[in-house]
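Take a look at the structure below.
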Amino acid sequence: PTPSTTAQPETTTSQTTAETPKEAVQSYLTAIFAGQVQEANALIHPDGEVSEYTDDAAERNEALDLTIQSLEITEESENTATVDTVVTLENPEADEESTRSQIYHLQTDDGTWKIYSAEEDEAA
């Protein structure tokens, strides 16, 4: 029998480009809580209202464990989108846990989804 050599299709997942608004938000949240400053900033829209992520903020966030409860695209057009998120933040050191709802507004920048602005969801 011939050895099965399955050719792996070229995957583009290694790049940090977000294909969907959901992926952009997920990557952004993941980067923030992994302390990946450059990765987080790469997902912020240059003209947006979200301030640049800093090393100081990264250090504070690294102590927290992030669990993404839900990501839901509530509005999407060709170049703008709104993603509602619910995340749980756990601080093992202080034995604290909080669940936060945030709404992220995204716009495309050169064909890539970027975080334009974010707000706390007061209704939650």
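Here are the numbers for the structure shown:
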| item | result |
| --- | --- |
| Residues satisfying the stated conditions in segment 50-82, i.e. open to solvent by less than 40 Å² (accessible area, probe 1.4 Å) and either under 23 Å from TYR116 (Cβ atoms) or in contact (Cβ under 8 Å) with a residue 40 or more places away in the chain (or both) | VAL50, TYR53, ALA57, ALA58, ASN61, LEU71, ALA81, THR82 |
| Filter result for the condition that a residue is of a type in the set (Ser, Thr, Tyr) and open to solvent by 40 Å² or more (accessible area, probe 1.4 Å), over THR85, THR108 | THR108 |
| Residue list for segment 88-105, filter: among the small types (Gly, Ala, Ser) and open to solvent by 30 Å² or more (accessible area, probe 1.4 Å) | ALA94, SER98 |
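The values are calculated or read from the model by the stated rules, or taken from the named source; none is laboratory data. The shown structure was predicted, so the numbers you read here are calculated from the model rather than taken from an experiment. For neighbour counting, all protein chains shown are included, and Cβ atoms are generated from backbone atoms with ideal geometry for every residue, glycine included. Accessible surface is based on the protein model in full, side chains and every heavy atom, while ligands, DNA and RNA are left aside. Shrake-Rupley method; radii C 1.70, N 1.55, O 1.52, S 1.80 Å.
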